[in-house]
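Have a look at the structure below before the remarks.
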């Protein structure tokens with residue numbers, strides 16, 4: 001969270017809300033939905049819809065891009081740590097009393113639980129980062145999160161809606 005900029009745009013084109021409220025919602029709602037089993041795997045869709053639908057406020061688009069990146073990051077961590085946990089549980093079920101298996105893992109009785117705890121710690125950290133970014137977005141301050149700001153910059157700058165000024169001739 002290195003830079004902060006004040007935002008001046010009053011309303012967004014998506015749902016005609018104030019930009020600070022929509023930016024805060026687009027940051028915190030997917031972070032909270034990510035904790036719901038099975039729904040959490042699709043929480044990244046919410047900021048993507050806002051990113052695509054918003055064509056008036058770059059502040060909201062940037063916050064949606066950051067929230068999308070954090071959602072994808074959280075999804076990757078969930079898949080990786082759940083895969084490690086499931087692999088460890090299946091391995092423990094097959095080779096639990098084998099001395100070679102026990103010496104390989106050392107003092108850890110169930111490495112699946114370690115992966116579960118590590119995954120949950122990372123999820124809590126990402127949720128707290130989203131909550132802090134949402135609070136700052138509500139106070140109309142743009143926060144550039146270190147891990148995702150480069151991708152969010154690219155998305156906001158390069159993936160602008162190209163259909164904004166299209167006219168149809170009959």
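The values are calculated or read from the model by the stated rules, or taken from the named source; none is laboratory data. These numbers were taken from a predicted model, which means no experiment stands behind them. When we count neighbours, we look across all protein chains shown, and the Cβ atoms used for this are built from the backbone with ideal geometry, even at glycine.
What to note about this one:
- Search result, residues across the stretch 62-83 that are at pLDDT below 90 and surrounded by 24 or more Cβ atoms within 10 Å (Cβ to Cβ): none
- Residue in the stretch 34-44 that is in a helix (DSSP H, G or I), crowded, with 17+ Cβ neighbours inside 10 Å, modelled with pLDDT of 85 or more and in contact with a helix residue (DSSP H, G or I) (Cβ under 6 Å, 6 or more places away or on another chain) present: no
Matching residues to (1) at pLDDT 60 or above; (2) within 19 Å of residue 73 (Cβ to Cβ):
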position	(1), (2)
106	no, no
114	yes, no
126	yes, yes
133	yes, yes
148	yes, yes
151	yes, yes
156	yes, yes
